[in-house]
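> Structure provided below as structure tokens; questions to follow.
The values are calculated or read from the model by the stated rules, or taken from the named source; none is laboratory data. Computed from a prediction, not measured in an experiment: that's the story for all the values here. Cβ atoms come from the backbone with ideal geometry, glycine included; neighbour counts cover every protein chain shown. Accessible surface areas use protein heavy atoms only, side chains included; no ligands, DNA or RNA. Shrake-Rupley method; radii C 1.70, N 1.55, O 1.52, S 1.80 Å.
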Amino acid sequence: MQDACYDPSVVQAAVDLANTLRPIKGEDALETVEQLRDFLDGHPEVEPPASAATHGQQGTGPRQLTRADLAEVRALRETVREVLERADADADAVGAAALINDGLRRSRALPVLRHEGDRWWTEVASDSDRRSAHLAATMLSALACVIATLGPARLGVCAGPTCRATFVDLSRNGSKQYCTRTCAHRASVAAYRSRRSPR
Ligand SMILES: [Zn+2]
């Protein structure tokens, strides 16, 4: 379920959060509370566990998300995007680390030892009931683990000139430059055309 210290599905959730904003197209898929609910429903891996550090609150029922939650998650999205953008730039990786550490501190992140069946594992949870704090603790600690185990260059922004979507490369060789195969294909077609076009 978990590789090293990060859960790939949580890493992907962080990337998906950052990519709810498409800066070049000017599209934002996180403008309403309903869109936030859809995002969370689509990412159960960042759901706080029932026994999480919510001080024993059991089954809080259907999520009551508010405009405040939306504003906080949007602010987190900005942090996550900046981390993904800056980590890839060598000179800025220290800045990305500072952003992560600051975000973890503000989310009141703390390590938790968990047990299920015969398996033990540690994860980072938030000592806060805020939905955004749980997301911040989970996502930022996952990105921190990727940086610590694979290096900051694994976080990046798509090289597609009209894309700028973010990605995290968890592959073995770590040579990813584009967010998706579609973008990589588009770029290779464009390069082919520009080679063929008369100068
Ligand atoms: Zn792309």
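> Write out the cysteines belonging to the chain for which the nearest other cysteine Cβ is not under 4.7 Å, or none if no such cysteine exists.
Those would be Cys183, since no other cysteine Cβ in the chain comes under 4.7 Å of theirs.
> Another question, if that's okay. Report the extension gain between Glu27 and Ala89 in nm, rounded to one decimal, defined as 0.36 nm multiplied by the number of residues separating them, less their alpha carbon distance. Don't jump to the answer; show the numbers that get you there.
Values: separation 62, 0.36 × 62 = 22.32 nm, distance 2.49 nm.
Going from the current span to full extension adds 19.8 nm.
> Project the alpha carbons of the chain onto their principal axes and report the range along each, largest first, in whole Å.
69, 35, 32
> Select from Val146, Leu99, Leu84 the residue farthest towards the positive end of the dipole of the chain; place +1 on Cβ of Lys and Arg, -1 on Cβ of Asp and Glu, and compute about the Cα centre.
The one lying farthest along the dipole's positive direction is Leu84.
> Can you tell me, using C-alpha contacts under 8 Å and at least 6 residues apart, the relative contact order of the chain as a whole percent? Don't skip to the answer; put the middle values down first.
On the way: 261 pairs, mean separation 44.6, N = 199.
Contact order relative to length: 22 percent.
> Also: Relative to the longest principal axis of the chain, what angle (0 to 90°, nearest 10) does the C-alpha long axis of helix 93-106 take?
20 degrees
> Next question. Using 0.36 nm per residue, how much length does the chain from Glu78 to Asp129 gain when fully extended, once their Cα-Cα distance is taken away?
So the chain would gain 16.3 nm between Glu78 and Asp129.
> Using 7 Å Cα-to-Cβ label points, what is the Arg196/Ala148 separation (nm, one decimal)?
Those two pseudo-labels are separated by 5.0 nm.
> Here's another thing I want to ask about it. If I model a spin label at Thr180 and Leu110 as a point 7 Å from the Cα along the Cα→Cβ vector, what separation in nanometres do I get?
About 4.1 nm, to one decimal.
> Where only protein heavy atoms count, and the probe is 1.4 Å, what is the accessible area per residue for the stretch 8-155 in Å²?
51 Å²
> Additional query: Could you work out what % of the accessible surface of the stretch 75-118 is carbon and sulfur, using a 1.4 angstrom probe and leaving DNA, RNA and ligands out of the count?
Summing carbon and sulfur atoms, their accessible area is 50 percent of the total for the stretch 75-118.
> OK, next. Kindly provide the helix-only [θ] at 222 nm of the chain, computed as the sum of -39,500 (n - 2.57) over DSSP H runs of four or more divided by all residues, to the nearest 500 deg cm²/dmol?
Values: 6 runs with 91 residues, N = 199.
Dividing the helical sum by the residues of the chain leaves -15000 deg cm²/dmol.
> Quick one: if you stick a label point 7 Å off each Cα along the C-beta vector at Trp120 and Asp102, how many nm between them?
Result: 3.7 nm between the two label points.
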